[in-house]
Structures are given as structure tokens and as C-alpha cells.
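The values are calculated or read from the model by the stated rules, or taken from the named source; none is laboratory data. Every value quoted in this text rests on a predicted model; they were computed, and no experiment measured them. Because the Cβ atoms are built from the backbone with ideal geometry, glycine has one as well, and the counts that use them run over all protein chains shown.
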């Protein structure tokens with residue numbers, strides 16, 4: 001067990017794949033910066049890969065004070081054992097007080113390995129992080145400046161705040177898209193420490209023979225406008241209305257889990273707790289009731305238009321414009337109005 | 001019906017286990033000692049993380065602009081969204 005280091009830095013474990021820096025790394029730096037400033041410590045990023053110099057600079061421009069950049073040609077693609085060994089070793093050596101990972105497939109694999117190796121606590125799939133105090137009920141012991149690891153639980157119906165008072169570092173994975181990605185400050189300067197990880201051939205138990213990437217059909221996170229359909233749309237044929245409105249607006253098509261589970265649209269389009277978290281300028285929810293799991297992924301849109309036949313649908317609670325009516329009539333009206341005006 | 005004694009239950013368990021083993025169907029059960037588990041790290045008490053607070057998700061209706069499902073009202077809404085540069 002690593003003893004708590006109350007003056008330790010805040011760490012973000014950055015992620016790259018196929019030579020591209022993952023967006024979530026930059027999102028985490030935004031939150032990590034806030035946490036580090038609150039604690040009065042430095043924000044460090046850890047980046048491992050075959051070539052990391054260029055990305056290390058980007059991490060500085062997005063808020064990191066220091067970057068630990070480990071380079072090895074064998075680290076071009078993620079592998080559990082070597083990555084976990086390196087990160088756990090760095091944690092034990094430098095003793096950060098907070099370590100955050102993206103809740104990506106890589107982060108979800110790596111974080112528990114590291115937590116187990118250093119005997120630390122880990123909270124998965126957080127949607128927010130904060131700093132605060134905690135009083136242990138049984139002992140009345142007070143802890144200052146703990147990491148509040150905030151995440152939905154029980155299907156998103158409650159929000160739990162988790163703390164890790166003793167077994168540090170405090171570790172969490174954070175969902176993609178829930179933190180804002182800051183603009184780069186190209187004038188920002190930081191310290192980049194390059195190192196060659198100490199890895200043995202035996203650390204690479206797996207040999208990657210071939211690497212294939214599935215190309216995502218839609219980038220919802222980058223979409224300025226999203227038109228999303230839910231169970232209320234009724235059928236795959238009727239989902240055409242969602243596509244038509246999206247095309248008229250030059251928008252991306254999204255969907256609730258119900259629509260995806262019904263096979264009306266691909267899972268890449270799913271918005272919500274088990275899909276993508278989005279923050280578009282405009283989100284048009286068509287036939288989406290607005291279950292808490294869906295709202296968790298879209299309620300931060302700047303403008304929300306809800307179209308639903310049920311006036312009591314929960315989606316109206318987060319809407320800016322609400323149309324209670326038959327979507328088969330309303331959506332064509334919208335398309336018509338857009339074509340006349342744009 | 002009288003409750004079975006612990007001895008009777010143990011004997012029945014042993015009998016059934018023997019029957020399964022004879023058919024090659026018995027799945028050996030590992031004990032804490034077998035896996036050298038440290039109870040300090042097991043269960044809720046062994047978890048490094050503690051739940052500090054639980055909050056129910058409450059819908060906070062901030063109020064929305066109701067748009068009638070008519071051509072005119074829908075066109076006005078689209079106009080507003082264009083005017084404030086949300087669309088376009």
C-alpha cells in the first residue's frame with residue numbers, strides 16, 4: 001500500500017492510439033487543472049507510446065505542468081502488462097495524490113491493474129470530480145482535500161459521491177465527453193521528461209500480429225447539432241424522419257438506447273449513459289421519453305428541442321422548446337421551415 | 001416436519017457430492033485458505049473506497065417554451081434558432 005502523499009501531484013494518464021491522442025486525455029486535463037489548482041499542486045500527464053514528443057507538447061498546451069513521456073517502439077499499441085507495469089512503477093516512484101484515467105476500453109483495462117498493483121482504491125466511470133472534506137462516521141476522523149469521485153449508480157437514478165480516505169493514490173476513471181475540452185494555449189510551457197521504460201521481453205506476453213480498427217460511423221461529440229430519435233419514432237422505416245431532419249440541418253443523427261436496441265440505428269449513434277455524452281449547440285429529441293440514463297448524456301446541450309406525444313415525458317424537464325404532438329406531422333413541418341429559411 | 005440436524009445436512013451434502021464426483025461432475029470449491037485470501041481486503045470493509053453521499057436524481061424543470069404543433073409556430077421556433085445562430 002502506498003502511503004498518502006498529501007502534497008503529491010494530480011496525474012492524468014493520457015492515451016494515444018494509432019498515433020492519435022485521445023480526446024478524453026485533453027478533457028481530463030481540463031478537470032485535472034481545476035483539481036491541481038484547488039490543491040495547490042502541479043498537474044502532470046503520463047503518456048506512453050512509440051513516439052510521444054509531439055503529443056507531450058499538446059498535453060502541456062492543454063494544461064499539464066509536466067509530462068512524463070515514456071517511449072518504446074513496442075508501446076505503439078496498448079498492451080495490459082507493460083502499460084500497467086510502467087504506470088504502477090511511476091506511481092510508486094513519484095507518489096501522486098490523484099490519478100485519473102479515461103473510462104475508455106484502455107482506461108478500463110489499465111486503471112484496475114494499476115490500482116491493484118499499488119493497493120489503491122479506484123472509482124470507475126465518474127462523471128464529475130471535486131475536492132472536499134470527509135468525516136469518517138465511525139471514527140469521527142476528519143480528512144481534508146479528498147477527491148470526490150462522483151458517478152451515477154443504480155441505473156443512473158442516484159448520484160453517489162465516493163471518497164478514498166486512506167489507500168492512496170485516489171484513482172478514478174472518467175467518462176468520455178463529460179468534461180469540457182479546453183482550447184490549446186500554444187504559448188503555454190511545461191516540463192517534458194522523456195524516459196525509456198524498463199521493460200523485459202517477458203513483459204510482452206502477447207504478440208500483436210495484426211491490428212484492425214473499426215471506424216466509427218459518426219462523431220457525435222464533435223457534432224454541433226444532433227437530431228436524435230427514440231422509441232416513440234415507432235419503426236426503422238419511420239426513423240427516416242430523424243435522418244431527414246438531420247440532413248436538412250447538416251446535423252448528426254443520434255438515438256436513445258431503445259432505438260438502438262430495436263435495431264433502427266447503429267450503436268455508434270447512441271447518446272446517454274451507455275452511449276456517448278454530448279454537448280452540442282442544439283439537440284433535437286424526437287420521440288425520446290427522456291429516461292435519466294439518456295438525459296445523463298445530453299442535458300448539457302446548449303439548446304434542447306423536445307418533440308413528444310406525451311406531455312408528461314421527462315424529456316420536457318430539460319427542454320428549452322417543447323412540442324407536444326405527433327412527430328409524423330411536426331418533423332416534416334420543421335424540415336419545411338428549415339428549407340425555406342436556411 | 002422436524003428441522004434437519006446439521007449432521008444430517010452435512011451427510012446429505014457429502015452424499016450428493018460423492019454422486020456428482022462419481023459422474024465427473026463435481027466442481028471443486030476453493031476455500032479462502034486455498035487462495036490465501038486476506039480478509040482485510042475482502043468485502044465492504046476491505047474496500048478502499050467509501051460512499052460519502054447518495055443523492056437522488058431530481059428532475060429540475062426550468063420551464064420550456066411550449067411550441068404548438070402548427071406550421072406557423074414551428075416556423076417561428078426555427079426562425080428563433082436561426083436568429084440566435086443556433087442553426088446556420
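Observations on the model:
- For the stretch A:278-299, taking the residues that are closer than 17 Å to residue A:251 by Cβ and part of a loop (DSSP other than H, G, I, E, B), the one that is farthest from the chain's Cα centre (by Cα) is identified as A:287.
- Criterion (outside any helix (DSSP H, G or I) and either in the same structural domain as residue A:243 (by TED's automatic domain parsing) or in contact (Cβ under 8 Å) with a residue 60 or more places away in the chain (or both)) met by exactly one of A:330, A:305: A:305
- Among the residues listed as A:267, A:312, A:221, the single one being surrounded by fewer than 17 Cβ atoms within 10 Å (Cβ to Cβ) and either within 17 Å of residue A:331 (Cα to Cα) or more than 14 Å from chain B (Cβ to nearest Cβ) (or both): A:267
- Residues of the stretch A:92-126 that are touching a residue at least 60 places away in the same chain (Cβ under 8 Å), part of a helix (DSSP H, G or I), in contact with a helix residue (DSSP H, G or I) (Cβ under 7 Å, 6 or more places away or on another chain) and away from chain B (no Cβ under 14 Å): A:92, A:110.
- Single residue of A:70, A:32 found to be over 27 Å from residue A:130 (Cβ atoms) and touching a residue at least 24 places away in the same chain (Cβ under 8 Å): A:70
- When A:318, A:292 are screened for being touching a helix residue (DSSP H, G or I) at 6+ places or on another chain (Cβ under 7 Å), at pLDDT below 90, surrounded by fewer than 24 Cβ atoms within 10 Å (Cβ to Cβ) and facing another protein chain (nearest Cβ under 10 Å), only A:292 passes.
- Filtering A:234, A:177, A:190 for residues that are closer than 30 Å to residue A:312 by Cα and assigned by TED's automatic domain parsing to the domain that holds residue A:80 leaves a single hit, A:177.
- Residue among A:150, A:158 that is free of Cβ contacts under 8 Å to residues at least 12 places away in the same chain, more than 20 Å from residue A:8 (Cα to Cα) and touching a strand residue (DSSP E or B) at 6+ places or on another chain (Cβ under 7 Å): A:158
- For the stretch A:146-185, a residue qualifies if it is surrounded by fewer than 20 Cβ atoms within 10 Å (Cβ to Cβ) and assigned to a helix (DSSP H, G or I), and the qualifying residues are A:154, A:155.
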